[in-house]
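Report on the structure given below.
The values are calculated or read from the model by the stated rules, or taken from the named source; none is laboratory data. Keep in mind that this is a model prediction, so the values were computed, not measured. Here Cβ is always computed from backbone atoms with ideal geometry, including for glycine, and neighbour counts include all displayed protein chains. Heads up: the accessible areas ignore ligands, DNA and RNA and are worked out on the full protein's heavy atoms, side chains in. Shrake-Rupley method; radii C 1.70, N 1.55, O 1.52, S 1.80 Å.
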Amino acid sequence: MQFNVVFIATALLASASLAMSATVTGFAGAGCTGTKGQSFQVPSGECFSLGSGSTKSFSYSGVPSEIEFYISGGGHDSCTNGPSLVLGGGSGCATAPAGFNWESLAVF
């Protein structure tokens with residue numbers, strides 16, 4: 001019986017983790033057009049960074065509350081010094097401002 005309780009608790013924690021994450025996909029063009037990049041799962045409360053890479057737009061789905069986008073270059077890399085765009089929960093597409101690309105994002 002103890003094994004069943006542990007197994008069920010583990011399964012519930014795993015499913016809760018998946019439910020509290022968002023799926024993001026980078027695109028080379030504005031408005032989530034052009035070459036499609038790889039999709040990633042981003043847990044709520046974490047920063048996702050493309051490292052030395054960047055992308056013009058991100059599609060997103062499954063965002064619990066809000067998603068923050070950070071431009072590439074210098075002081076904003078890796079979710080620092082304030083986002084350039086904050087959107088509500090759910091799904092959508094976020095295009096970086098003219099002359100910039102996205103380098104990182106955070107899901108909440």
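Brief remarks follow.
- Counting heavy atoms of the protein chains alone, Glu46 has an accessible area of about 90 Å² for a 1.4 Å probe.
- Normalised contact order of the range 67-108, rounded percent, pairs of Cα under 8 Å and 6 or more residues apart: 55
- Rolling a 1.4 Å probe over the protein heavy atoms leaves Lys36 with an accessible area of roughly 130 Å².
- For the range 77-92, backbone nitrogen atoms closer than 13 Å to the point 7 Å from Thr23 Cα along Cα-to-C-beta are found at 91-92.
- Alpha-carbon Rg with Dmax, taken over the range 16-84, Å: 12.0, 35
- Electrostatic bookkeeping for Asn101 treats Lys and Arg as +1 and Asp and Glu as -1; over the other residues with beta carbon under 12 Å from its beta carbon, the sum is -1.
- All other residues whose Cβ lies under 14 angstrom from that of Gly29 are scored, Lys and Arg at +1 and Asp and Glu at -1, for a net of +2.
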